[in-house]
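Read through the structure below, which is laid out as structure tokens, and then see the notes.
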Amino acid sequence: MIRQQLIYVTASFASGMIIMLAYDVLLIMRIIIRRPFVLTALEDVIFWLSSGIFAFYVFYRCSEGVIRIYAILAMLFGMWLFKWSVGDRAVLFAEKIIEKIRKCLKLLVSRCRMRISKKSSDC
């Protein structure tokens, strides 16, 4: 009995971390591909509905559908711990890398345009 509850709490904690990892991946994708507000809101609704289904699946598989407050707290703690320890830093790091890649691509494109314009003016 205790072992099953420990597995339940651990699975809840881990699933909270997985949900926040997935959300951070979504945030990084938003940095890469900017979207209008309506699509961003729609993405959020779909993401959190999917996360709710995933959480219910974890609860159902681990305790036959009985949702316990300590499992919800473990899931929330897993979400918070991931966001606090890894999530925010990973998103900021990814944002800096993406910005550097964008700058390099802009520089490359501008140099290519200069070469093309020089060749066309030589004619």
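The values are calculated or read from the model by the stated rules, or taken from the named source; none is laboratory data. Only a predicted model underlies this, so the values are computations on that prediction, with no experimental measurement involved. Because the Cβ atoms are built from the backbone with ideal geometry, glycine has one as well, and the counts that use them run over all protein chains shown. With ligands, DNA and RNA removed, areas are computed over all heavy atoms of the protein, side chains included. Shrake-Rupley method; radii C 1.70, N 1.55, O 1.52, S 1.80 Å.
Overview of values
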{"read-out": "Any pair with Cβ under 9 angstrom, 6 or more apart, that starts in segment 80-109 at a residue that is over 28 Å from Ile19 (Cα atoms) and ends at one that is open to solvent by less than 90 Å² (accessible area, probe 1.4 Å)", "value": "none"}
{"read-out": "Helices (runs of 4 or more DSSP H) within segment 13-123 that include 3 or more residues surrounded by 12 or more Cβ atoms within 10 Å (Cβ to Cβ) and in contact with a Gly (Cβ under 6 Å, 6 or more places away or on another chain)", "value": "69-82"}
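Let's see how each residue does on (1) in contact with a helix residue (DSSP H, G or I) (Cβ under 9 Å, 6 or more places away or on another chain); (2) modelled with pLDDT of 90 or more; (3) not hydrophobic (A, V, I, L, M, F, W, C):
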| position | (1), (2), (3) |
| --- | --- |
| Ile31 | yes, no, no |
| Leu39 | no, yes, no |
| Val45 | no, yes, no |
| Ala55 | yes, yes, no |
